[in-house]
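Here is the structure we will look at, set down as structure tokens.
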Amino acid sequence: MKQVRPKKNLGQHFLVDLNIAKRIADTVDEPYADMPVLEVGPGMGVMTQYLAKKPREFKVVEIDRESVDYLIGNRILETEQIIAGDFLRMDLHEVFGGRQFVLTGNYPYDISSQIFFKMLDNKDLIPCCTGMIQHEVALRMASQPGNKQYGILSVLIQTWYDVEYLFTVEPSVFNPPPKVQSAVIRMTRNNATDLGCDEQLFRRVVKTVFNQRRKMLRVSLRQLLPSVDNLNPTTFDLTMRPEQLAISQFVELTNCVEQVLKKN
């Protein structure tokens, strides 16, 4: 059966190095070695062939019909293991009957952030997520306060997950080669069960201040509040910039913003 043609509109860069494929597939073994696995965007199954051999329940979701036909035609997977559709539109509770699972994949660069936001929306269902993404995005996700890469993804993901940067992948192992380096990461749910503030407002505050990351908090917060005069955080001041705040301080800021909004 002929190979699948990479489609630019789907952001497809097919991994062709089998050693790298196996290394990525093996990232799902810790710390949940018995949990079901869902792979996003298997393409021609270079990672899939290793994931499918593991003694655990396994499914893939693939939006490209040509790839689906390839996986079935080459007997890489059984038909019932393939969900033909868009991961971003799926009800993830239906994949394994409401059971928790590990998420993995060679994620399309242009929608990787959307995939991780969906993971956050289903954080109680996904205790672990691994896979390959753009190098720059991986650095942002793992970055700490005070670093120029520290931003929206850093805060929102690290609130609920511990992020490990595992290894770098060069463009030469893909067809077609991307113009940037890639990286393999693993995110594992931390012990947080309650954020300590309104979660939707927390996201809104984080996104608002990082959208003007070079400005002081007292300036960027004016997009949310008519006045910041009544904001009185205790562990930081409003002359700071967002990349200087730890997650706990964003929680404190969110609670301060909520108090002012209620008064108004």
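No value in this document is a laboratory result; all are computed from the given coordinates. Since we're looking at a predicted model, the values are computed, not measured. Ideal geometry is used to build each Cβ from the backbone, glycine not excepted, and the neighbour counts take in all protein chains shown.
A few comments on the model shown:
- Taking trypsin sites (Lys or Arg not before Pro) across the stretch 168-264, the ones in a DSSP loop with at most 13 further Cβ atoms lying within 10 angstrom of their Cβ are Lys179, Arg214.
- Whole-Hz Karplus values for the stretch 98-104 come out as x, 7, 5, 8, 8, 9, 8 Hz, taken residue by residue from phi with 6.51 cos²θ - 1.76 cosθ + 1.60 and θ = phi - 60°; glycine and proline positions read x.
- Using the Cβ of Pro171 as centre and a radius below 15 Å, the other residues enclosed give a net charge of -2, where K and R count +1 and D and E count -1.
- In this structure the amide hydrogen of Val102, modeled in the peptide plane, comes within under 5 Å of the amide hydrogens of Val37, Leu38, none closer than 5 places in sequence on its chain.
- Using θ = phi - 60° in the Karplus curve 6.51 cos²θ - 1.76 cosθ + 1.60, the 3J(HN,Hα) couplings for the stretch 48-58 round to 4, 4, 7, 5, 5, 7, 6, x, 7, 5, 8 Hz; x is entered for Gly and Pro.
- Simple spin-label estimate for Gln181 and Asp69 gives 3.9 nm between the two label positions (7 Å along the Cα-to-Cβ direction from each Cα).
- Anisotropy class of the stretch 128-227 from Cα gyration tensor, a/c 1.5 cut: oblate
- Counting every C-alpha pair in the chain, the share spaced more than 34 angstrom apart comes to 25%.
- Separation of the stretch 189-264 from the stretch 47-64 is 41 Å, based on Cα centroids.
- Stretch gain in nm, segment Ala192-Gln259, where the contour uses 0.36 nm per residue and the Cα spacing is subtracted: 21.8 nm
- Listed residue (Gly146, Gln212, Met187) projecting farthest to the positive dipole end of the stretch 134-264, Cβ model: Gln212
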